[in-house]
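Since the structure comes first, as structure tokens, the remarks are kept for the end.
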Amino acid sequence: MNKHIVMLPGDGIGQEVSKAAKQVLEAVAERYNHTFTFETHEIGGAAIDSQGTPLPEDTVAACKKSDAILLGAVGGPKWDQLPGHMRPEKGLLGIRKKMGLFANLRPIKGFKQLLHASPLKPEVVEGSDLLIVRELTGGLYFGEPSERRNNGQEVVDTLAYTRSEIERIVDQAFQSAMVRRKHLTSVDKANVLESSRMWREVVEEKKHDYPEVTVDHMLVDAAAMKLITNPASFDVIVTENMFGDILSDEASVLTGSLGMLPSASIRSDGVGLYEPVHGSAPDIAGENKANPLAAILSTAMMLRHSFQMEEEADQVETAVQEVLAAKFHTADLSLENGVKVTGSEMAAKVIEQISSNDTTKNIMQCYA
Ligand SMILES: NC(=O)c1ccc[n+]([C@@H]2O[C@H](COP(=O)([O-])OP(=O)(O)OC[C@H]3O[C@@H](n4cnc5c(N)ncnc54)[C@H](O)[C@@H]3O)[C@@H](O)[C@H]2O)c1
Ligand SMILES: CC(C)[C@H](C(=O)O)[C@@H](O)C(=O)O
Ligand SMILES: [Mg+2]
């Protein structure tokens, strides 16, 4: 199959992990006789520096013509003092919005080899396998007005949703639940926020379309607690943009590192932007320490969701599992009797596995 992929490496470790992800896609193409072509574009701080905007028009045009997009990360202290509309993060929010990518799927599944890498007790982490379905193009991040007023003495951000924006993300979450363990937890702040009360109404209405799915509602503060005390009690979580952002970084603790979490930002027709959950990590950028596995696992999501390449996706995930089973790990993870490697060495290990594996095991057998 021929596929055209737009690479948006962005800033900081975004450059490093994107390089690793691209090499993995090249290895997959070679092994399965696909032709993947790549086109790299600027976004975020890199785009501000060279083109004066965090989201250049040619980047948007290229993304719209592509079969899939892979993003590294944006942002960093160099651009922290810029006004809100000029910050690197606006580039990322902008491309998600312009592409209509309203659903962000963040699977959190602990590799059994990393059970002891989490600071949580192994008996708490064991058996956790959840999916956060985060609304991505509405809510607090996009509400108008968002401004300083009254000579800078007052500030306002707005949490706004239309019913149809809530309906489409809730539908997506029910569909995800149907192919998983058929349990949906809707997370909100309905004891305070009107938007959350409408969110609950929509979930209650939609559940009649999916009678096989068990539904519960949880307030976000309690959900944050339960995520790290009883993570195995969750299957699919659906939630508002900012709640999903915060809960997913928290949930990464289950896997041992933020550097392990992939994600897919999608819309209904299969178009997708694939992005590790982590940021540009300025504290380790340029040191070849970044864990590339979140970006590499994001390529598996791309292969599966945008290209319907199930076997290829399984192959990437299996390769990661085998490298971890051989006890190779980057500096963000601690593994008893492990072999610490750099980010590029980690990518090379995964590629070696992809190129040499004879059979593809079902990934479900590979996780804890
Ligand atoms: N998707 C994105 O582009 C994205 C996501 C989050 C944050 N950001 C931006 O990144 C910048 C830094 O934000 P932050 O420091 O709060 O969050 P961050 O995710 O960049 O880093 C948080 C911590 O996790 C570590 N970490 C993150 N990814 C890692 C990896 N792959 N391997 C090893 N360690 C890893 C970092 O070293 C740091 O200690 C900010 O400008 C922020 O806006 C961008
Ligand atoms: C950088 C920021 C805008 C972004 C978000 O909150 O969406 C990031 O934290 C993420 O999780 O993808
Ligand atoms: Mg985040």
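None of the figures in this text is laboratory data; all of them are computed from the coordinates on show. Just so we're clear, the structure is a prediction, and the values are computed from it rather than from any experiment. Note that each Cβ is placed from the backbone with ideal geometry, even for glycine, and that neighbours are counted across all protein chains shown.
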Extreme residue, positive dipole direction of the stretch 210-347, given options HIS217, ASN291, ILE228 (C-beta unit charges): ASN291
Prolate/oblate/rounded call for the stretch 1-76, Cα gyration tensor, a/c under 1.5 rounded: oblate
Rounded if a/c under 1.5, otherwise prolate or oblate - the stretch 119-255, Cα gyration tensor axes: oblate
Residues of the stretch 24-48 with amide N under 20 Å of the 7 Å Cα→Cβ point at ASP157: 44-45
Considering only the stretch 119-255, percent of DSSP beta bridges that pair antiparallel, nearest 5: 20 percent
Calculated from backbone phi, Karplus (6.51, -1.76, 1.60) coupling profile of the stretch 125-132 in Hz, x at Gly/Pro: 6, 3, x, 7, 7, 10, 10, 8
For peptides 318-324, 113-119, sequence by mean Cβ density within 10 Å, most packed first: 318-324, 113-119
In nm, spacing of pseudo-spin labels at MET178 and LYS65 (7 Å Cα→C-beta vector): 3.6 nm
Entries in LYS19/LYS289; LYS19/LYS349; LYS97/LYS207; LYS22/LYS65; LYS3/LYS64; LYS98/LYS226 that, when Cα-Cα distance is taken, lie over 24 Å: LYS97/LYS207; LYS98/LYS226
Simple label model, 7 Å out from Cα along Cβ direction - GLU167 to LYS98, nm: 2.9 nm
Normalised contact order of the stretch 119-255, rounded percent, pairs of Cα under 8 Å and 6 or more residues apart: 39 percent
Length released on extending from GLN308 to LYS121, taking residue separation times 0.36 nm less the Cα-Cα span: 63.7 nm
Extension gain (nm, one decimal) between GLU287 and SER344, 0.36 nm per residue minus Cα-Cα: 19.5 nm
Value of [θ]222 nm, deg cm²/dmol, for the chain, DSSP H segments ≥ 4, -39500 (n - 2.57) each, nearest 500: -12000 deg cm²/dmol
Likely footprinting exposure, TRP199, TRP79, fewest C-beta neighbours within 10 Å first: TRP79, TRP199
Paramagnetic label zone (point 7 Å from Cα along Cα-to-C-beta, HIS208; backbone N under 19 Å) in the stretch 174-194: 174-175
Calculated from backbone phi, Karplus (6.51, -1.76, 1.60) coupling profile of the stretch 179-184 in Hz, x at Gly/Pro: 9, 10, 9, 6, 9, 10
